[in-house]
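Every number in this text was worked out from the coordinates using simple rules, so none of it is lab data. Please read all numbers here as calculations on a predicted model, not as lab measurements. Cβ coordinates were reconstructed from backbone atoms using ideal geometry, including for glycine residues, and neighbour counts include every protein chain displayed.
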Amino acid sequence: MCAGLRNFQSSGDEARCARVEESPTMTEESPTMNKDTMGAPEADTDAATTLRTIITSYIFSQIVRATAQLGITEHLAGGPRSVDALAEAIDADPDALRRFLRSAASLDLVRETGDTFELGPLGAAMEADHGRLKSVAMGIVGPNLTRRAEGFAEVVRAGRRVNTQVDGYEFWEYYDHHEEEAEHYAVTMSHVTAHCAQALVRQYDFSGFKRIADVGGGHGNLLNGVLTEVPDVHGVLYERAEVNRRAKALFTEAGTADRVELIDGNFLQEIPGGCDLYMIKSTLCDWDDENAARIVGNIHRAAEPGATLVVVDSMIADEVTDDEVNPVHAQQVSAIDFAVFATNGGKVRPQSEYRTMIDAAGFDVESITPFFDGFTHWNLLVAKRR
Ligand SMILES: C[S@@+](CC[C@H](N)C(=O)[O-])C[C@H]1O[C@@H](n2cnc3c(N)ncnc32)[C@H](O)[C@@H]1O
C-alpha cells in the first residue's frame, strides 16, 4: 500500500503525515466521532479504517488527475525543481502549488527534498508510461464519468438512469463537445484493447476473411491488431465522426492505413454492408437491452447470410468452471456493471442473455469462449448470420 493511503489510516509520525492531519477536511478524528460523547473518538476497527480509506479515495483520484493535468511529472522528469521554478513552468500560483505538491507527496507522486520537489515512485511510474496513465487519470476521473457517478443512489431508487445529462449532454454526445476528455477516454480504451487484440488473434483465426468491420471500434486497436496479423484482409472502422478524426494515426504508424476505411456513422441507425466479418468489442455492454438488440439487428441488416459476427465483451459466466479465474472475473464484472448502468443504461450480461439476444436478431451462436489477455478477462462469442 502506498504511503499516502497509510496516511489516512493511521496517525503516523512522518512529516508529511502531520501535514495531512492538520487539514480540517482530513482529520483522523472527525469521521469516527462518537455522537453521544461528542469528542471522544472511538477506536477504529480494521473495517472502519478500510471504509474511511475508500471514502476519502476520491481526493486521491483527483490529486492524481490534477498532477496529470498540470504536467507536473514531465517538468520534474529532468530532476528536482524549486516551487517557484515549477510554478513558472506550468503557469501556477506558487503558494497554491506548494500546498498541492505536499498533497501529491502524501501519495508518493512527488517528494519534498529541502527547498525542492522531485518525482516520487508513483510520479516516476506515471512519467515512464508514455502518457497512458496520465490519460487514464484524465479520462476515468473526468467529469463525464465522475459526475454521473454522483447519482448512483437515485439510479438505484428509480431502477433506471436519472439526470442523464452532464453539461446538457448525453454520455457519448458529451465527448463531441469535450475533445480533450474524449481523447483521454479513447486512449484509456485503446490501452485495454491493445492487450485484448494480442490475445484475440491467438484465440481466433481471422485468416480467410476478406473485409472485417469493427463496429464502434474506438481508435482502431482491435482492427489494427487483426490487420497486422492477417496481411491480406481489409478493414472498416465504423465510429462516431469525433472518434474517427483521431483514429487514422494508429493505422498510418502500423503501416496498415492502405487496407482500412474509416466510415463515420451511428450504429443505432445503420451499419455499412459489404463485410464478411463484423466485430463489436466492449460496446454492447454500454447499452440497455433495447438498444443493444437494435445494434445487433443493424449488423444483421448489413450482413449477408453466412457472414460471421464476433462479439468480445465482459460477460457473466453461465457456469463456473475454473475456481482460479472466475472469482477475479466476477469481481471485475460487478465493478463495471453498475457503472455502465448508471452512465449510459448499459449492462454486463450473462452469456445466456447474449445467446438469446443474438439468436433473436437472426444469428446462430456457434460458441462462447472465455479468454484472459494478461490483465482482463473477456468472452469471445462467434455467430453466423442466418
Ligand atoms: C467502450 S468504447 C469501445 C471502443 C472499442 N470497441 C474498444 O473496445 O476499444 C464504445 C465505442 O462506441 C462508440 N459509439 C458510441 N455510440 C456510437 C454510435 N451511436 N455509433 C457509432 N459508434 C458509437 C464510441 O465512440 C466508443 O468508441
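Note on I54/A249: beta-carbon distance plugged into 1/(1 + (r/R0)^6) with R0 of 56 Å gives a FRET efficiency of 0.90. Region 48-69 and region 333-384 have their alpha-carbon centroids 31 Å apart.
Ranking P305, V243, S207 by how far each Cα lies toward the positive end of the dipole of the chain (charges on Cβ) leaves P305 at the top.
Using R0 = 25 Å, the C-beta based FRET efficiency linking D288 and A360 works out to 0.95. Each residue, S334 and T116, gets one label point 7 Å from its Cα in the Cβ direction; the gap between the two is 4.8 nm. Evaluated over the chain, the count of Lys pairs having alpha-carbon atoms less than 20 Å apart is 5 (only pairs 8 or more residues apart or interchain).
Highest-first packing order for the peptide set 148-158, 185-195 is 185-195, 148-158, based on the mean count of other beta carbon atoms within 10 Å.
By DSSP, the beta bridges lying fully in the chain are antiparallel in about 55 percent of cases. Considering only P143, M279, F371, the residue lying farthest towards the positive end of the dipole of the chain is M279, judged by Cα position with unit charges set on Cβ. Using the rule -39500 (n - 2.57) for each DSSP H run of four or more residues, divided by the residues of the chain, the 222 nm mean residue ellipticity is -15500 deg cm²/dmol.
Once each part is reduced to its C-alpha centroid, what is the distance from region 82-124 to region 128-204 in angstrom? Answer, in whole Å: 28. Length gained on full extension, R301 to T164, computed as 0.36 nm times the residue gap minus the Cα-Cα distance: 46.4 nm.
P(r) for the chain, from all Cα pairs and a bin width of 10 Å, is 5, 19, 27, 24, 15, 8, 2, 0 %, short bins first.
Relative contact order, percent, of the chain when contacts are C-alpha pairs under 8 Å separated by at least 6 residues?
Reported as a whole number, the value is 11 percent.
Rounded to the nearest 20, the size of the Cβ-charge dipole of the chain about its Cα centre is 660 debye, with Lys and Arg at +1 and Asp and Glu at -1.
Multiplying the residue separation of H195 and F371 by 0.36 nm and removing their Cα-Cα distance gives an extension gain of 62.2 nm. Between the residues A153, G114, A87, the greatest Cα displacement towards the positive end of the dipole of the chain, with unit charges on the Cβ of Lys, Arg, Asp and Glu, is found for A153.
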